[in-house]
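Comments concern the structure below.
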Amino acid sequence: MPDASVAAPGDSGWRKALLMAPALAWLGLLIVLPHAELAVLSFREQVGPRHYVPSLSHYHEFFHEPEYWHTFVRTAWMSIVATFATLCLAFPIAWVIAKIARGRAAVWLFLACMIPFWISETVRTLGWMILLRETGVLPALLVKLGILAHPVEFLYHDTTILVGLIYNSMLFMIVPLISSLESLDNALIEAAYDLGANGFTVLRKIVIPHAAPGITAGSIIVFMLTLGDYITPTLLGGKDSGWFTEQIYTEFITRFDWGQGAAFGFLLLVLSTLIVVAGLKLTGQRFGDVMGRT
Amino acid sequence: MNQPDLTAQAVVKRFGDHVAVDSISFEVARGSFFSILGPSGCGKTTLLRMIAGFLEPDGGEIAIGGKSMRGVAPNRRPVNMVFQQLALFPMMSVGENVEFGLARRGVGRAERRKKAEAMLERVGLAGATAKRVDELSGGQRQRVAIARSLVLEPTLLLLDEPLGALDLKLREHMKIELKQLQADFGTTFVYITHDQSEALVLSDHVGVMNHGRFEQIGTPQDLYYRPLTPFVAGFVGDSNRLTGRASGVDGGLVRIDTGDGWVVEARREGDVANGDAVEVFVRPEAAMLSRARESSAASHEGVVESLLFDGAKSAVLLRERRSRREVRVALPQTGEFADLQTGEAVAFRFDPARAVCFRARRDGDA
């Protein structure tokens, strides 16, 4: 986004406005307007043909129908698990790229992380299905190696959904981690060793506090992406994967209940924001710091 | 000399084909201030990192406090280091920085705090415990870095050009402060620097390093007045360097013909035979100016090319009359030549005993 503070002296107001226009148009037309429309839809109830009255019934429905509520908790919980697992897997990779690999090797490693993202998420997820389905590559391989007696269906488990989510989120965790780890002065690590610290203490006292903004930024992005993901849970978890976005899809497309779907959409927005705020509070980070420093 | 705190024996470190440290041996006496002085790329940082344990020598032996350090990790050595950019932990307060090493040793919280506060007080930073590192000035950070190391009472404190990042005025001040701190604590300091003035002012002994080897180890006075190699003569302090051929060797004295009409005399250091290519080093303050012409062999003539006024370190650049070579001569403190003008013809002489002549190095490095 163009930053007003870098505008050259003498820039008039309309020039700045022009620079800001694409961002403002994007925000207004694609974010604010649809959400306003959704808000209107969610806060009314149909009482007759083409007759609507303001009502909280759609929200009431969410809190009083356990299935909806459970689906949301399950989605949020699995997203948190996926985020944490992504962090644990991405950290060593980011460490290698930022601190150990030099020059070309670092570029190639980073490229290797990025290449899968040149393919659409749907195709990538279908790739997982080819690997994991009962007649797929992995079960056949395990049978051939004598580890399994019969092919086993690896699809339609929660673990499969997690694997897909982690795979799809990896890059979005690695990028902010690399940028925050690269700025860590190696002398700090050496100084800590020199003062008697071991590897674990260096990680806990020096590396993680330094990388905290990157860890938080990556976690927020990954959490939001997994929570709002639709394709991966649906394809890998099957029709009954119980993902909240599926619920929204069902309301809009299958049941044609736009009001209920809009209310779910809003609840997802509010609840995920609350979880992120709670996460920031828990780790003592501030949102502005996190986004500003990475 | 009592038992040395640091002994290095034939220490070697190679990086590929490049020999960074080439079979170095030296000792540092307990409680002394030892400097390793050399130009950048001479291997001094590599040597220091081997002492700290961040690099393992390819050959030889390093012993600290009489114990071999082979295979001992940096976090288990009785050595602490003050890093070039200090490497204070920005995520911690000043007090936490100083307590860091104590906490790693399992010292209790209250004890830790007491020791850190006492140490900060000793370095003149009483009450700074709660401050953030970025609230301190350059000199204060320096002191925190030293306090953070000394609180662990190491056998040896390594300092990697810690004054390099400071501005000139503060550097001069910290030089004195560092020397006082060392005298105060009595800890053995090993200091590396490329700044010969820091090495001369601070140290009890200095090792002058070049191309991975020590050219000479000695007291600052030794290095300054009795350099043993052309490199030391040229690197430590200012010198006029003349090249020529020995045209007469008389015991300790050599007569040198510069090949362009100038003949000078100098003290011989090492083997010099008649006809050898030689290098002569004359300190600016070893030469004396005069306005009266003398017709002795020791008297030379020149024309003032430029005046370099720098207070007590003022000097004048002369162009020697016959050879057209440039000679730097210090101006006496008496103010006798304060009215010297550019273009003026003057005479100068120097005591041959204070000029030193070496056989020229074959590799031709300066």
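The values are calculated or read from the model by the stated rules, or taken from the named source; none is laboratory data. What you see is a predicted model, and the numbers here were worked out from it, not measured in a lab. Virtual Cβ from ideal backbone geometry, glycine too; neighbours counted across all protein chains shown.
The table below lists the values:
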{"read-out": "Test: residue in region A:167-181 that is of a type outside the set (Ser, Thr, Tyr) and either closer than 30 Å to B:Ala116 by Cα or within 14 Å of chain B (Cβ to nearest Cβ) (or both)", "value": "yes"}
{"read-out": "Residue in region B:165-180 that is modelled with the highest pLDDT, counting only those that are in a loop (DSSP other than H, G, I, E, B) and either more than 13 Å from every other protein chain (Cβ to nearest Cβ) or touching a Lys or Arg at 6+ places or on another chain (Cβ under 6 Å) (or both)", "value": "B:Asp167"}
{"read-out": "Test result for A:Ala106, surrounded by 18 or more Cβ atoms within 10 Å (Cβ to Cβ), within 30 Å of A:Val207 (Cα to Cα) and of a type outside the set (Asp, Glu)", "value": "no"}
{"read-out": "Close pairs (8 angstrom Cβ cut-off, 6 or more residues apart or separate chains): over 13 Å from B:Glu285 (Cβ atoms) in region B:322-345, of a type in the set (A, V, I, L, M, F, W, C) and in a loop (DSSP other than H, G, I, E, B) anywhere", "value": "B:Arg322/B:Trp262; B:Ser323/B:Trp262; B:Arg325/B:Trp262; B:Phe337/B:Leu331; B:Ala338/B:Leu331; B:Leu340/B:Leu331"}
{"read-out": "Some residue of region B:88-95 being among the hydrophobic types (A, V, I, L, M, F, W, C), within 21 Å of B:Gly207 (Cα to Cα) and buried (at least 16 other Cβ atoms within 10 Å of the Cβ)", "value": "no"}
{"read-out": "Of all residues in region A:48-67 being surrounded by 14 or more Cβ atoms within 10 Å (Cβ to Cβ) and part of a helix (DSSP H, G or I), the one that is nearest to the chain's Cα centre (by Cα)", "value": "A:Phe62"}
{"read-out": "When residues of region B:318-366 are limited to those that are modelled with pLDDT of 85 or more and among the acidic types (Asp, Glu), the one surrounded by the most Cβ atoms within 10 Å (Cβ to Cβ)", "value": "B:Glu320"}
{"read-out": "Any strands (runs of 3 or more DSSP E) falling wholly within region B:212-328 and containing at least 3 residues that are of a type in the set (Gly, Ala, Ser)", "value": "B:240-250, B:299-308"}
{"read-out": "Residue within region A:199-210 that is buried (at least 17 other Cβ atoms within 10 Å of the Cβ) and in contact with a strand residue (DSSP E or B) (Cβ under 6 Å, 6 or more places away or on another chain) present", "value": "no"}
{"read-out": "Scan of region A:190-209 for residues that are under 30 Å from the mean Cα position of the chain (by Cα) and within 7 Å of chain B (Cβ to nearest Cβ), ordered by number", "value": "A:Thr201, A:Ile206, A:Pro209"}
{"read-out": "Where a residue in region B:130-150 is in contact (Cβ under 8 Å) with a residue 40 or more places away in the chain and its partner, wherever it lies, is in a helix (DSSP H, G or I) and not hydrophobic (A, V, I, L, M, F, W, C), with Cβ under 7 Å and at least six apart", "value": "B:Val133/B:Asn97; B:Val133/B:Arg141; B:Val144/B:Asn97; B:Arg148/B:Asn97; B:Arg148/B:Gly101"}
{"read-out": "Count of residues meeting criterion [touching a helix residue (DSSP H, G or I) at 6+ places or on another chain (Cβ under 9 Å) and either β-branched (Val, Ile, Thr) or surrounded by fewer than 22 Cβ atoms within 10 Å (Cβ to Cβ) (or both)] in region B:9-19", "value": "2"}
{"read-out": "Region A:18-46 residues that are among the polar types (S, T, N, Q), paired with ones that are outside any helix (DSSP H, G or I) (beta carbon under 7 Å, 6 or more apart)", "value": "A:Gln46/A:Tyr52"}
{"read-out": "Test: A:Ile221 is surrounded by 23 or more Cβ atoms within 10 Å (Cβ to Cβ), more than 14 Å from chain B (Cβ to nearest Cβ), among the β-branched types (Val, Ile, Thr) and within 29 Å of A:Leu280 (Cβ to Cβ)", "value": "no"}
{"read-out": "Qualifying residue in region A:215-223 (condition: assigned to a helix (DSSP H, G or I) and over 17 Å from the mean Cα position of the chain (by Cα))", "value": "no"}
{"read-out": "One residue from A:Ile189, A:Ile206, A:Ile166 being aliphatic (A, V, I, L, M), farther than 26 Å from A:Ala112 by Cα, part of a helix (DSSP H, G or I) and in contact with a Leu (Cβ under 8 Å, 6 or more places away or on another chain)", "value": "A:Ile206"}
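Residue-wise test of (1) within 18 Å of B:Glu99 (Cβ to Cβ); (2) among the charged types (D, E, K, R); (3) under 15 Å from the mean Cα position of the chain (by Cα).
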{"site": "B:Lys131", "(1), (2), (3)": "yes, yes, no"}
{"site": "B:Arg141", "(1), (2), (3)": "yes, yes, no"}
{"site": "B:Thr155", "(1), (2), (3)": "no, no, no"}
{"site": "B:Leu159", "(1), (2), (3)": "no, no, yes"}
{"site": "B:Ser197", "(1), (2), (3)": "no, no, yes"}
